[in-house]
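Readers should treat all values here as calculations from the given coordinates under stated rules, not as data from a laboratory. Nothing here was measured: the structure is a model prediction, and the numbers come from that model. Quick reminder, even Gly has a Cβ in these numbers, built from the backbone with ideal geometry, and neighbours come from all protein chains shown.
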């Protein structure tokens, strides 16, 4: 191994050691070391790069060729496996491939074999040329009609899962706070029952009674059990029988836990701004209906009623009635006396006398 090859192997090793691992952010020192080592690799391999540029006839496009060679060196470092071969083997094929691709893009195929048969190398990207003649990519031609729908559905599912987990955690915190408060009250009650007050002895402030560790562990087990029931029943749509068989809780108890958890979660979602989008939409306030006072009873009967359709009420002037009676009395006094009421008949008699 020559000195140049050994120095090249050492510089490549430095670049690989200072590269960021998957999921880990590269530090500033690592970035500086990697850039310095990569510049040293390019300096060591510069004679080889110049040789390949002249060999592929790209001296007129020297800057583009050097950029392609730098990309080839970077890809060679990424694909380098020291146990298989030396770095020079990897980098040679990468440089050749990059320069060959550049020559095809700039000058088509210049090989003697292609000239004999008058072959022309056409880029696959030329198939997707636009209206103005610019070349597009093959990836742009492949259109997935359901991609947007699947992406939105995946994003919605991701955010829904996060909101669901946060809401369940908030519900568990609520259960824990309520349970711990009950245990504290129970401890205070137990202390007041055990404590004996002697009036002859001095009184000191009693130390707060600690919560029993066994009761606290029992509370945590109960909370974990409730969480499992809520996750399976409310969010996984499991049946009462399945949840009861998995958790060992009676179906009626599972129903009670689910009903209580749903009510508490609705209140938590409405009070916590993090779950504002999950809370029920506020309904518009219902305007109170005005109670109408009952109308006063009419003196006359309702003319629109069914039993009053054929009835007619007419106002009669007493003076007119008396004149008509006097006019008709001479013609048929007996008929008038029989037809008129007794009061009219008596009144006519008085008037006649």
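Before moving on, here are some points about what is shown:
- The simple Förster model, with R0 at 41 Å and r as the Cβ-Cβ distance, assigns residue 187 and residue 157 a FRET efficiency of 0.40.
- Three-way shape label, segment 3-125, alpha-carbon gyration tensor, a/c 1.5: prolate
- Gain on full extension, evaluated as 0.36 nm per residue between residue 251 and residue 225 minus their Cα-Cα distance, stands at 8.0 nm.
- Taking label positions 7 Å along the Cα-Cβ direction at both residue 262 and residue 5, the computed distance is 7.5 nm, reported to one decimal.
- With a simple spin-label model that places each label point 7 Å from the Cα along the Cα-to-Cβ direction, the separation between residue 20 and residue 326 comes to 12.5 nm.
- Exposure proxy shown here: for 143, 218, the number of other Cβ atoms within 10 Å sets the order, fewest to most, as 143, 218.
- Extension reserve of the residue 106-residue 29 stretch, reckoned as 0.36 nm per residue once the Cα distance is removed: 23.8 nm
- For segment 140-172, the residues whose amide N sits under 14 Å from a probe point set 7 Å from the Cα of residue 271 along the beta carbon direction are 170-172.
- FRET efficiency, 1/(1 + (r/R0)^6) with R0 56 Å, evaluated for residue 178 and residue 36 via beta carbons: 0.40
- Full-stretch length increase - residue 55, residue 93 - with 0.36 nm per residue and alpha-carbon distance subtracted: 12.3 nm
- Computing FRET efficiency as 1/(1 + (r/R0)^6) for residue 71 and residue 145, where r is the C-beta to C-beta distance and R0 is 45 Å, gives about 0.85.
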